[in-house]
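A short worksheet on the structure shown next.
What follows is calculated from the coordinates using simple rules that are stated; it is not laboratory data. It should be emphasised that the depicted structure is a prediction, and the values quoted were computed from it without experimental measurement. Positions of Cβ are backbone-derived with ideal geometry, glycine not excepted, and every protein chain shown enters the neighbour counts.
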Amino acid sequence: NHLHGQNTLHLDIYDEDAIKDEKIGSVIIDLHHLYDKGHIDNWFDIEEKHGKKSHGQIHLILHYEKLKI
């Protein structure tokens, strides 16, 4: 089981820079499919604030297992 209200995953994507790491954009993932199927293997658009302009994509593979209590 997952905690109530935890239906999205928000990731901030940064570059790696010698001087300062800069935020490239964000990805917001709806976790309902992950909870239902147990995995996500997908490409996600990296977007600026408020869903504006895409800054490329990121490939994510996520696995979910229910706790056995």
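Check which residues have an amide H placed less than 5 Å from Gly25's amide H, if you skip close sequence neighbours.
Ile13
Tally Lys/Arg at +1 and Asp/Glu at -1 over every other residue whose Cβ is under 9 Å from the Cβ of Val27; what's the total?
-3
Quick one, which of (i) -0.53, -0.75, -1.53; (ii) -0.71, -0.88, -1.25; (iii) -0.66, -0.78, -1.08 is the actual log10 I(q)/I(0) by the Debye sum over Cα atoms at q = 0.17, 0.20, 0.28 Å⁻¹ calculated for this model?
Entry (ii).
Determine ³J(HN,Hα), in whole Hz, for all residues of the range 7-12 in sequence, where each value follows from phi through the Karplus function 6.51 cos²θ - 1.76 cosθ + 1.60 and θ = phi - 60°; x replaces Gly and Pro.
Values, residue by residue: 9, 9, 10, 10, 10, 9 Hz.
Considering the dipole of the chain built from charges on the beta carbon (Lys and Arg +1, Asp and Glu -1) around the Cα centre, which of His33, His63, Ile46 is farthest to its positive end?
His33
Provide, for the chain, the number of lysine pairs with alpha carbons under 25 Å apart, each pair being eight or more places apart or on different chains.
Qualifying lysine pairs in the chain: 8.
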